[in-house]
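Heads up: the structure comes next, in C-alpha cells.
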Amino acid sequence: MSIITLHGINKIYGQGDIAVHALKDIDLELQQGVFYSIIGKSGSGKSTLLHILGALDQPTSGQMILEGRNVYEATADEQALLRRRRIGFVFQSYNLLPEHSVLENILLPSHLDGIEPDGSHLQEIVEVLEIGDKLRAFPDELSGGQAQRVAIARALITKPAILLADEPTGNLDEVAGREVLRLLKEFQTRLGQTTVLVTHDLDIARLADVIIEIQDGSIKSIS
Ligand SMILES: Nc1ncnc2c1ncn2[C@@H]1O[C@H](COP(=O)(O)OP(=O)(O)OP(=O)(O)O)[C@@H](O)[C@H]1O
Ligand SMILES: [Mg+2]
C-alpha cells in the first residue's frame, strides 16, 4: 500500500541569478512498511527531499499525498498536526532540549498534543533502545550514541506512519553508528513504519530494502 506519493515536485531556492533548482520534477511512491535509503552526493537534494516528505518544507510546485490526503490542500494547522502525529524525524544533530530530562524529551511530542502516551509502547521503545537507566538524565550527560537513541525514542513515541532520518549516524563513531542503524531496522520490523534514511555512504544505504539515488535534484535510479 502506498503511504506517500509525490507528483511533479520542484523546489527552487532563491530567485533570479542565485536561484538553485534543488529538486526537479520528482515523482515518487513510497510503500507502507518499507525501509528506503536516499543516497547522492553533497548538494544533490537529499535533505530537501526529506524535508518535503516530512512536510517541514513546501515545494515550489507539485503535490504530495500522505495516507490518501493531499497535504498542500490542508490548512497550516492541519499540516502541523499531520507532521506531529504521522511523521517522526531523526537528525544528525540530535536536537534534544537541554533543559529537559530524557523522559521529558521523549514525551514532548505527545505532550504538545495533550495525548497521554501509551505506557507499554514507551516501555518497549525504551527497552529496545536500552535507555531505561537514562530517563532522569539530561541530554548533556549522554554519549552521542545514547543521545541519538533518545532522539529515536522521541520520534517513535507517537507511532508515526513514517520515520525520516537525515544522516543519523553522521556524528557517531562506527560502532555507535552501526548500532543506531540496527535499531532503525529493528523498529521498522517491529512497528512497521515506513523508514527513509538519508546517507551519502553506500554501505549504509545497502541496509535498506530500496535505494533511491538522486543526482542533481533528479531521481537517477530506484533499486
Ligand atoms: N535554504 C536554502 N537556501 C538556498 N539554497 C539551499 C537551501 N538549502 C539547500 N540549498 C541548496 O539546494 C541544493 C540541495 O541541498 P540539500 O541540502 O538538499 O543537499 P544534500 O544532498 O542534503 O547535501 P548534503 O549531503 O551536503 O547534506 C544545494 O545546492 C544547496 O546549496
Ligand atoms: Mg543534507
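No value in this document is a laboratory result; all are computed from the given coordinates. Treat the numbers as computed from the prediction; the structure is a model and nothing was measured. Ideal geometry is used to build each Cβ from the backbone, glycine not excepted, and the neighbour counts take in all protein chains shown.
Values computed for the structure shown
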{"item": "Cα-only radius of gyration and Dmax that characterise the chain, units Å", "result": "17.2, 54"}
{"item": "Value at 222 nm in deg cm²/dmol, rounded to 500, when DSSP H runs of n ≥ 4 in the chain each add -39,500 (n - 2.57)", "result": "-10500 deg cm²/dmol"}
{"item": "Over the chain, relative contact order from alpha-carbon pairs under 8 Å, at least 6 apart, %", "result": "31 percent"}
{"item": "Filter on 41/134; 46/134; 134/159; 11/41; 11/220 - keep pairs with C-alpha separation over 25 Å", "result": "41/134; 46/134"}
{"item": "Potential lengthening between residue 222 and residue 77 on full extension [0.36 nm per residue; Cα-Cα distance subtracted]", "result": "48.9 nm"}
{"item": "Efficiency of FRET from Cβ geometry, residue 120 and residue 13, R₀ 35 Å, rounded to 0.05", "result": "0.20"}
